[in-house]
Amino acid sequence: MLGRALAARALLLVVFLLGGMVYGQDFLVVDSARRYQVMDNFGASDAWSCQFVGRWPDVKKNAMADWLFSVDTMKDGSPKGIGLTMWRFNIGVGTAAQEDGSGIRDVWRRTEAMVDSAGLGVSGAQEGQKWFVKAARERGVKQVLGFLNSPPVWLTKNGKGFASHGVSNIDPGRFGEFARWMVGVMALSGLDFDWISPVNEPQWDWSDGGQEGCPYSNNEVAGLVRVLNGAMDSAGLRTKILLPEAGSIKYLFEDGDKPGRGRQIGEFFGFGSRNYVGGLSRVGGVVAGHSYFSTAPWERGIGWRKRVDSLVAVAGGGGLARSGSGGSRGLKYWQSEFCILGDDAGEIRGDHRDTGMMAALYMARVIHNDVVYARAAAWQWWLAISPYDYKDGLIYVDKSETDGRFWDSKKLWALGNFSRFVRPGMTRVGVGGFDEGLLVSAYRDSRRRKLVVVLINLLGGGREISLERVGGSGWCSYLTSEGDDLRKRLVKGRKVAVPGRSICTLTANY
């Protein structure tokens, strides 16, 4: 039996690589009675390019903002942009002012501080990034999250924005100063953050000067969150705290090679844990983890995601109440950062740009697995805009601080197959009837009476999808392929063709 399964998967891989012209037929079956998570958002971050690109000529930065945030349509009805619903803002910690003394080699990875060591606002700081927040808000984005890679440099042990020797770069005795500074940023920046994420990937060493970063033990994370929670309550802020932004989802349920920095679902949200913070007033009822180093091989990645889902359900009390806010009851999971890194067990490499469908399909498969098997209520990409020769950007730009070229990638539009149509408040529902080559998820908006189905065809051969077993009217398809960027088509009759190596979103009224 195992041999047959392996042979079948090998055949799928061969067909994927070689392609094909035959259209197989599948019957779409949606079961709205099977309800899973309520979706919160799809997003991306402004690190690090927006500090410069936000100062580029208006026509260029507005075009990029339209791609990322717009929900408008073009003359043929195709989307103008991907309609992100969450924007992640990288809160600067003062490494830019240190210049080469920062120890961070890449100028683009240094950041300004909006509030100084005296707690005063700094005029003009992070203006390029602020421009993108304003552009996002103007285009309808309602959720903005501020995240920190490090404490501000004047509070760190070594006076830098990255650590030494893989240990936390701030003494617990300075957590109060750190928390007051974060409250100052939230109060003085004018950005009206919905969420703040005080630590990022606390498992990593962060000692090489490649970027800002700070490791933390679970005990240190819990201590900082408690102090920050109290400071936010005292200031009367509405912002919620997101944690722990684990560097890989495996650290949510095991220590791995990081004792004292893993098992973070139980550590922070399990009743009885000494590091329990799930009941704090500002903690937002969300476990956040990153999908790095967990996507391949496919079967192992799915198993890890199912484990995250089961542990979140236990910590949150189980059932469909995981969409609640505050405390461990109703706990839910967010995948809060991902791009293609490493070699992913030989499936794809992270180095060198890929603006085509290979990287886009890989991304779409990760989104599907996170949403379906980990029941992620949110899914957020890493760099919205990248100047690097890497598979890390939705949009790519010249590495110029004042002006340059920019271009989109298929990853942008692949994310749009989800973000543009699966809106906050929609519920993922049951769907079936497909084999391994076609990944399908479905979402229902009971208020607006909308149905959305996302189909990812990993194989080279086309598929014909029959809608005969599904109700609904006014069906439309939006296709992303080598030749299409969310191109809209009206569905005639009750069948729709999904070409090989493409992503197709179907929408209908019901």
For Ala179, the lone unmet condition from (1) out of contact with any Gly (no Cβ under 8 Å at 6 or more places or on another chain); (2) in a helix (DSSP H, G or I) is (1)
Can you tell me which residue within segment 273-311, out of those that are out of contact with any helix residue (DSSP H, G or I) (no Cβ under 6 Å at 6 or more places or on another chain) and β-branched (Val, Ile, Thr), is farthest from Tyr333 (Cα to Cα)?
-> Val283
Conditions (1) surrounded by fewer than 21 Cβ atoms within 10 Å (Cβ to Cβ); (2) of a type in the set (S, T, N, Q); (3) in a strand (DSSP E or B); (4) at pLDDT 95 or above; number of the one not met by Gln98 = (3)
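Residue-by-condition table, conditions (1) within 24 Å of Val153 (Cβ to Cβ); (2) touching a strand residue (DSSP E or B) at 6+ places or on another chain (Cβ under 7 Å); (3) without any contact (Cβ under 8 Å) to a residue 60 or more places away in the chain; (4) outside any loop (DSSP other than H, G, I, E, B):
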residue	(1), (2), (3), (4)
Asp205	yes, no, yes, no
Val227	yes, no, yes, yes
Gly256	no, no, yes, no
Phe268	no, yes, yes, yes
Phe293	no, no, yes, no
Restricting the search to segment 244-261, which residues are touching a helix residue (DSSP H, G or I) at 6+ places or on another chain (Cβ under 9 Å), under 16 Å from Gly213 (Cβ atoms) and of a type outside the set (Gly, Ala, Ser)?
-> Pro244, Tyr251, Lys258, Arg261
Scanning segment 125-141 for residues that are under 19 Å from Thr111 (Cβ atoms) and not in a helix (DSSP H, G or I) gives Ala125, Gln126
Taking the condition modelled with pLDDT of 95 or more and in a helix (DSSP H, G or I), does Arg305 pass?
-> yes
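Residue by residue, here is whether (1) surrounded by fewer than 22 Cβ atoms within 10 Å (Cβ to Cβ); (2) in contact with a strand residue (DSSP E or B) (Cβ under 8 Å, 6 or more places away or on another chain) holds:
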residue	(1), (2)
Leu361	no, yes
His368	yes, yes
Val371	no, yes
Arg375	yes, yes
Ser386	no, yes
Gly393	no, yes
Ser400	yes, no
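Take Ala378 and tell me if it is at pLDDT 95 or above, more than 28 Å from Gly500 (Cβ to Cβ) and in a strand (DSSP E or B). Steps first, please.
Numbers: at pLDDT 95 or above: yes; more than 28 Å from Gly500 (Cβ to Cβ): yes; in a strand (DSSP E or B): yes.
Yes, satisfied.
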So which of Val93, Val71 ends up being under 20 Å from the mean Cα position of the chain (by Cα), more than 15 Å from Val133 (Cβ to Cβ) and among the aliphatic types (A, V, I, L, M)?
-> Val71
Name the residue, out of Gly425, Gly430, Gly461, that is surrounded by fewer than 21 Cβ atoms within 10 Å (Cβ to Cβ), more than 24 Å from the chain's Cα centre (by Cα) and small (Gly, Ala, Ser).
-> Gly461
Would you check if Gly77 is more than 18 Å from Leu191 (Cα to Cα) and touching a strand residue (DSSP E or B) at 6+ places or on another chain (Cβ under 6 Å)?
-> yes
Picked from segment 162-176 (must be out of contact with any Pro (no Cβ under 8 Å at 6 or more places or on another chain) and surrounded by 21 or more Cβ atoms within 10 Å (Cβ to Cβ)), the residue farthest from Arg420 (Cα to Cα) is Phe175
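For (1) without any contact (Cβ under 8 Å) to a residue 40 or more places away in the chain; (2) basic (Lys, Arg); (3) not in a helix (DSSP H, G or I), each residue gets a yes or a no:
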{"site": "Lys60", "(1), (2), (3)": "no, yes, no"}
{"site": "Phe89", "(1), (2), (3)": "no, no, yes"}
{"site": "Arg105", "(1), (2), (3)": "no, yes, yes"}
{"site": "Val144", "(1), (2), (3)": "no, no, yes"}
{"site": "Pro151", "(1), (2), (3)": "no, no, yes"}
Answer residue from segment 325-346, given it is within 21 Å of the chain's Cα centre (by Cα) and loosely packed, with under 15 Cβ neighbours inside 10 Å and is modelled with the lowest pLDDT among those | Ser325
Given the conditions (1) touching a Cys at 6+ places or on another chain (Cβ under 7 Å); (2) surrounded by fewer than 23 Cβ atoms within 10 Å (Cβ to Cβ), and given that Trp154 satisfies all but one, which numbered condition is not satisfied?
-> (1)
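Conditions (1) buried (at least 18 other Cβ atoms within 10 Å of the Cβ); (2) within 23 Å of Asp344 (Cβ to Cβ), marked per residue:
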position: Arg274; (1), (2): no, no
position: Val277; (1), (2): yes, no
position: Val283; (1), (2): yes, no
position: Val286; (1), (2): yes, no
position: Ser291; (1), (2): yes, yes
position: Gly301; (1), (2): yes, yes
position: Trp304; (1), (2): yes, yes
position: Leu311; (1), (2): yes, no
position: Val314; (1), (2): no, no
In segment 229-263, residues that are over 24 Å from the mean Cα position of the chain (by Cα) and not polar (S, T, N, Q) total 10
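The values are calculated or read from the model by the stated rules, or taken from the named source; none is laboratory data. This structure is a prediction, so every number in the text was calculated from the model and none was measured. Because the Cβ atoms are built from the backbone with ideal geometry, glycine has one as well, and the counts that use them run over all protein chains shown.
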